[in-house]
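The values are calculated or read from the model by the stated rules, or taken from the named source; none is laboratory data. A quick note: this is a predicted structure, and the numbers were derived from the prediction, not measured. All Cβ positions, glycine included, derive from the backbone under ideal geometry; neighbour counts span all protein chains shown.
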Amino acid sequence: MIRYLLFDLDDTLYTNASGVFGEVRQRIESWLVSNSKYDPGYRRSD
C-alpha cells in the first residue's frame with residue numbers, strides 16, 4: 001500500500017540533468033500506449 005507520494009516540483013531532489021524526468025515521461029507514455037488508445041506518433045493537423 002502506498003502511504004505517501006513525493007513530488008519534486010522545483011527540482012530540489014533531482015536536477016533536470018539527472019534524466020529522471022525523461023525516464024518518468026517514457027514510462028508514462030509506455031503505460032498510456034499499453035492501457036489506452038494513445039498514439040505517441042499522432043499529430044494534429046490544425
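Scanning the range 22-39 for residues that are surrounded by 10 or more Cβ atoms within 10 Å (Cβ to Cβ) and modelled with pLDDT under 85 returns a single hit, TYR38.
Contact map, the range 20-46: first residue more than 20 Å from ASP10 (Cα to Cα), second residue β-branched (Val, Ile, Thr) and surrounded by 10 or more Cβ atoms within 10 Å (Cβ to Cβ), Cβ cut-off under 9 Å, separation 6 or more or different chains; pairs are ASP39/VAL33; PRO40/VAL33. Residues in the chain that are of a type in the set (Phe, Trp, Tyr) and in a helix (DSSP H, G or I): PHE21, TRP31.
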